[in-house]
Amino acid sequence: MLKNTFIKVNHGIFHEQKTEYFDPKYWQSIHAVEGHESGRGTTWFVRHNEYALVLRHYYRGGLISRFNRDHYLFFSFDKTRSIKEFRILQKLHDAGLPVPEPAGARVIKRGRHYTADLLTKRIDTAEDLLKVLQEPASNQLIKDLAYCIADLHKHGVFHPDLNIQNILVDAQKKVWVIDFDQAKIFKLKERHRMRMIERLERSFIKEHVRHGIIWTEANWTQFMEHYEYAHSRQ
């Protein structure tokens, strides 16, 4: 392992802690790239043996990204974004919740700052709600979505960016939640739950206007009824 580089891996997937696992050029060199998506940065879909993986570099958003694209202030390796997300995903995955299984995390310390990368197992045949809701949502999908979110909340998960692009539905119609950067686990109060729910509602409204997703007020009412019922169950 290189000096000032900290790597954590899922030993069920990787047998060694290699820094090249977090470099897209490595996967390109062994012809193991299966695709990529561009957004704030590029997300790479790669294959390691029988495992389909997602490689993501952490980039800043907002105004600060204009002069600082991907560096974060370093305090300790345990407090870096990729290590924290790896550990939360591992805890939630071990609890049987519908989240990606973490595969590896890397932190490179550069003076007082660091850069970070994360590898997770890819959820096969899954599409985000932005794509799924180009058609009307079934009653079962709305119920499953509500139960999924309620289950996360009952486990004390605070997801700071709960929006429809971070919710996936696979070919078996199972609902998944992704992107747990800056997520936390603690005893949620109602205000914490409602903050996430309101953010999700704004996401539905925004994407209905921007991309024409099919989602109505009646759908939202149905979602909330299922959510409140599921959250009240022990």
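See the values below:
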item: Tabulated pairs, the range 113-136, first not assigned by TED's automatic domain parsing to the domain that holds His57, second of a type in the set (Val, Ile, Thr) and surrounded by fewer than 16 Cβ atoms within 10 Å (Cβ to Cβ), C-beta under 9 angstrom, 6+ apart or interchain; result: Leu133/Ile214; Gln134/Ile214; Glu135/Ile214; Pro136/Ile214; Pro136/Thr216
item: Flag for Lys154 being in the same structural domain as Met224 (by TED's automatic domain parsing) and over 20 Å from Ser203 (Cα atoms); result: yes
item: From the options Arg202, Arg193, residue that is in contact (Cβ under 8 Å) with a residue 40 or more places away in the chain, surrounded by fewer than 20 Cβ atoms within 10 Å (Cβ to Cβ), part of a helix (DSSP H, G or I) and not assigned by TED's automatic domain parsing to the domain that holds Arg40; result: Arg193
item: Hits in the range 43-54 (condition: out of contact with any Leu (no Cβ under 9 Å at 6 or more places or on another chain) and either basic (Lys, Arg) or part of a strand (DSSP E or B) (or both)); result: Tyr51, Ala52
item: Which numbered condition Lys143 misses (of (1) assigned to a helix (DSSP H, G or I); (2) surrounded by 20 or more Cβ atoms within 10 Å (Cβ to Cβ)); result: (2)
item: Residue satisfying condition, being assigned to a helix (DSSP H, G or I) and without any contact (Cβ under 8 Å) to a residue 24 or more places away in the chain, within set His36, His93; result: His93
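The values are calculated or read from the model by the stated rules, or taken from the named source; none is laboratory data. Note that the structure is a prediction, hence the values are computed from the model and not measured. When we count neighbours, we look across all protein chains shown, and the Cβ atoms used for this are built from the backbone with ideal geometry, even at glycine.
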